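Here's the structure, in structure tokens; my notes come after.
The values are calculated or read from the model by the stated rules, or taken from the named source; none is laboratory data. If you're wondering where the values come from, they're calculated on a predicted model, not measured in any experiment. No Cβ is skipped: glycine too gets one built from the backbone with ideal geometry, and neighbour counts run over all protein chains shown. The area values use the complete protein model at the heavy-atom level, side chains included, leaving out ligands, DNA and RNA. Shrake-Rupley method; radii C 1.70, N 1.55, O 1.52, S 1.80 Å.
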Amino acid sequence: MKIMREEQIPEFVERVAATGCDITAVAGGYIVGDSDLSDGDYEIAAPKLEAIMQDLGSRDHLLQEIVDYLVSTGRVYPPRVVH
């Protein structure tokens, strides 16, 4: 079983976003946003998402690091307000 490494997090986020899914940190975790897609777009994105998961492997152990990366790149809900 493959296990994703921390240095692969930017690649993971970039590849998921490239499928049209809005990957976002929310409430201490993250969502991929595939449910926001139309049925047709989901049919296109689903195999791409599966390929990403197969290529990079398990990532559960990197939950906090993924969340931190998403927040650092502005992919967070609710959006951070800059004063």
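At a 1.4 Å probe radius, which order do H61, H83 fall into by accessible area, largest first?
Numbers: H61 100, H83 205 Å².
Listed by decreasing accessible area, they come as H83, H61.
3J(HN,Hα) along the stretch 68-74, derived from phi through the Karplus expression 6.51 cos²θ - 1.76 cosθ + 1.60 where θ = phi - 60°, amounts to 4, 5, 4, 4, 5, 9, x Hz, with x in place of Gly and Pro.
Determine the share of the chain's accessible area contributed by carbon and sulfur atoms, expressed in whole percent, with a 1.4 angstrom probe.
Values: 2860 of 5440 Å².
For the chain, the apolar C and S fraction of the accessible surface comes to 52 percent.
Please give the FRET efficiency for V26 paired with M1, using the beta carbon to beta carbon distance and R0 = 25 Å, rounded to the nearest 0.05.
Working: r = 27 Å, r/R0 = 1.08.
The computed FRET efficiency comes out at 0.40.
Computed from label points 7 Å out along Cα-Cβ, the spacing between E43 and H83 is 5.0 nm. Residues whose amide H falls under 5 Å from that of D22, counting only those 5 or more places apart or on a different chain, are absent, with hydrogens built in the peptide plane. Taking every protein chain into account, the accessible area of the chain amounts to 66 square angstrom per residue (probe 1.4 Å).
Here Cα extents along the principal axes in Å was calculated from the structure, and among (i) 39, 20, 18; (ii) 40, 31, 17; (iii) 46, 28, 21 it sits at label (ii).
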